[in-house]
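Worksheet: one structure, shown below.
The values are calculated or read from the model by the stated rules, or taken from the named source; none is laboratory data. Model, not experiment: these values are computed from the prediction. Note that each Cβ is placed from the backbone with ideal geometry, even for glycine, and that neighbours are counted across all protein chains shown. Surface accessibility is based on the protein's heavy atoms, side chains included, excluding ligands, DNA and RNA. Shrake-Rupley method; radii C 1.70, N 1.55, O 1.52, S 1.80 Å.
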Amino acid sequence: MVRLARIGGSLTVQVVALVFGAVIAAQAVTILAVYLAPPNAPPTYTLAEIAAALKGQALASDQGRRLDRTIVAQPPADLEQGGPDPSEARLAVAMGVAADDVRLRRRGPPPFVMLTSGHRPHGAPPPGDRFYFHSSEPGGPPLRGEIVAGWRQADGRWVIVQPQPEFEWLRRVAIWVVGGFLVMGPIAWWFAHRITAPLQAFAASAEILGRDPQAAPMQLSGPAEVGVAARALNAMQVRIQRYVRDRVNMVGAISHDLRTPLTRIRFKLERADPAVRAAVLSDVAQMEHMIDAVIGFSRDSAAPSAREPLDLASLVTCVVDEAAAFGDAEAEFDQPVIVDGDVVALQRLFANLIDNALKYGFQARAWIGERGGEAVVRVSDNGPGLAQRDLERVFTPFYRTDEAKGRTDNGVGLGLSIARAVARAHGGDITLSSGAGGLVAEVVLPLARSTVGTAASARYRAQTA
């Protein structure tokens, strides 16, 4: 049974809370990025700096980005827009060239500029040109913002000067992205762990229940949806246990009722003819043997079993050694194979397989190993094998092949049924395959959990050292 501990709120509520938290965190990261990397002040260039750059002199600026100078056949389109303005005229004067050969424009929206006392614009600025103001600085008023200037050469080409590209936005983006990961990463990991951990625990509990219906309760905590699923699993487990218990009780009652008339038949046969009495008593004994087998099969399927880590290779080897006193039986393995199981039930399983191999195949060869994270035991013989149609039928209770029916032993066709029931109760299975070399029965069981298996392996090595 899965025992429920504290169950948190609904997954829906948690997801909505995460979304709101992510929005708030994103806004906080944005504000932090703006605070740590505020926009730079607009670049400032004097007319003297622009004139020097156009004439092929220094491209550096005291208060702006370095300028780039190129020579092109035609000026950029933004230099052809608008008419002459005071800035162009002053730039021409500073360069000592004709005003028609000079162009000066700014790109983008005009920056917000705080004017200090003493830097007052004289009159309204010309239309479309709001990026300059008058001052008493040498070389004319500084120009703020992104500018582009052109000077037409004698051959008709243009010398173009403009600021180098700005990559400051990359730093802001990097701060925003890295900050977002640093803020949201731990939150996302914690939230994902909060959702997946209860689901993983629930899956592990269901797996343990599949291997052992009488497993100890498991503590669960997490979202409310996990609690609903766990309660459904609890109810299902209770119903299964009740169903199995009722079936065992019903079989026990039927067997008791059958024994009574069989006992009366035995008494009545005391006065019967000796030949008739012997034949009927043989049938009565066979019926009693079948009833005992059915009771044992039902009891083994329903009775709780104690599971413990055990070395499957050692267990199978012991069974083979006991069977070797009655026939040709051998076991082979390379290393310990640790499983969680019921020692008595597994001994009954492998004893049945090895007994069948000796009885119908004249020899038994057992190989124990691991494959794909599972324990594997293969029991092979040297007999005629089985027909393809019988490889699954033999697991049906009371089914016996024609060869088995002709034998004089007391088998009733429950051995393989019990063996498969034991294997499946341990979370594994049994399959049969038949070939030229005889019949091969393969048992697959889940390995013990790593920690338990490691400890059991260490104990086994210490005992056998």
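Is at least one residue of region 201-213 open to solvent by 40 Å² or more (accessible area, probe 1.4 Å), under 19 Å from Ser10 (Cβ atoms), in a helix (DSSP H, G or I) and modelled with pLDDT of 75 or more? Within region 201-213 (the criterion being open to solvent by 40 Å² or more (accessible area, probe 1.4 Å), under 19 Å from Ser10 (Cβ atoms), in a helix (DSSP H, G or I) and modelled with pLDDT of 75 or more), the answer is yes, since at least one residue qualifies.
Would you point out the residue of region 86-102, among those that are open to solvent by less than 50 Å² (accessible area, probe 1.4 Å) and of a type in the set (Val, Ile, Thr), that is nearest to Pro75 (Cα to Cα)? Step by step, filter region 86-102, then rank; the result is Val102.
Considering region 31-48, the residues that are at pLDDT 75 or above and in contact with a helix residue (DSSP H, G or I) (Cβ under 7 Å, 6 or more places away or on another chain) include one that is least open to solvent (accessible area, probe 1.4 Å), namely Leu47. Screening Thr70 on (1) within 30 Å of Gln237 (Cβ to Cβ); (2) at pLDDT 80 or above; (3) not hydrophobic (A, V, I, L, M, F, W, C) shows it passes everything except condition (1). Please enumerate the residues belonging to region 419-435 that are in contact with a strand residue (DSSP E or B) (Cβ under 8 Å, 6 or more places away or on another chain), assigned to a strand (DSSP E or B) and surrounded by fewer than 20 Cβ atoms within 10 Å (Cβ to Cβ). Passing the criteria: Asp429, Thr431, Leu432, Ser433, Ser434. Among the residues of region 252-273, those identified as aliphatic (A, V, I, L, M) and either at positive phi or part of a helix (DSSP H, G or I) (or both) are Ala253, Ile254, Leu258, Leu262, Ile265, Leu269. Number of residues in region 307-325 that are under 19 Å from Val422 (Cα atoms), in a helix (DSSP H, G or I), open to solvent by less than 60 Å² (accessible area, probe 1.4 Å) and out of contact with any Pro (no Cβ under 9 Å at 6 or more places or on another chain) equals 5.
Close Cβ contacts (under 7 Å, 6 or more residues apart or on different chains) running from residues in region 172-198 that are farther than 30 Å from Gly227 by Cβ to residues that are buried (at least 17 other Cβ atoms within 10 Å of the Cβ) comprise Arg172/Ala33; Ile175/Ala33; Trp176/Val29; Trp176/Ala33; Gly179/Val29; Gly179/Ala33; Gly180/Val29; Val183/Val29. Within region 314-359, the set of residues being of a type in the set (Lys, Arg) and within 41 Å of the chain's Cα centre (by Cα) comprises Arg348 only.
Looking at Val284, Val251, Val280, Val244, which is the one that is open to solvent by 40 Å² or more (accessible area, probe 1.4 Å) and either under 30 Å from Asn352 (Cα atoms) or at pLDDT 75 or above (or both)? Give the derivation first.
Numbers: Val284 fails: open to solvent by 40 Å² or more (accessible area, probe 1.4 Å); Val251 fails: open to solvent by 40 Å² or more (accessible area, probe 1.4 Å); Val244 fails: open to solvent by 40 Å² or more (accessible area, probe 1.4 Å).
Only one candidate qualifies: Val280.
Of the residues making up region 334-391, those that are on the phi > 0 side of the Ramachandran plot and open to solvent by 40 Å² or more (accessible area, probe 1.4 Å) number 3.
Tell me yes or no: at least one residue of region 106-115 is in contact with a strand residue (DSSP E or B) (Cβ under 6 Å, 6 or more places away or on another chain), surrounded by 14 or more Cβ atoms within 10 Å (Cβ to Cβ) and at pLDDT 70 or above. Checked against the condition, which is being in contact with a strand residue (DSSP E or B) (Cβ under 6 Å, 6 or more places away or on another chain), surrounded by 14 or more Cβ atoms within 10 Å (Cβ to Cβ) and at pLDDT 70 or above, region 106-115 yields at least one hit.
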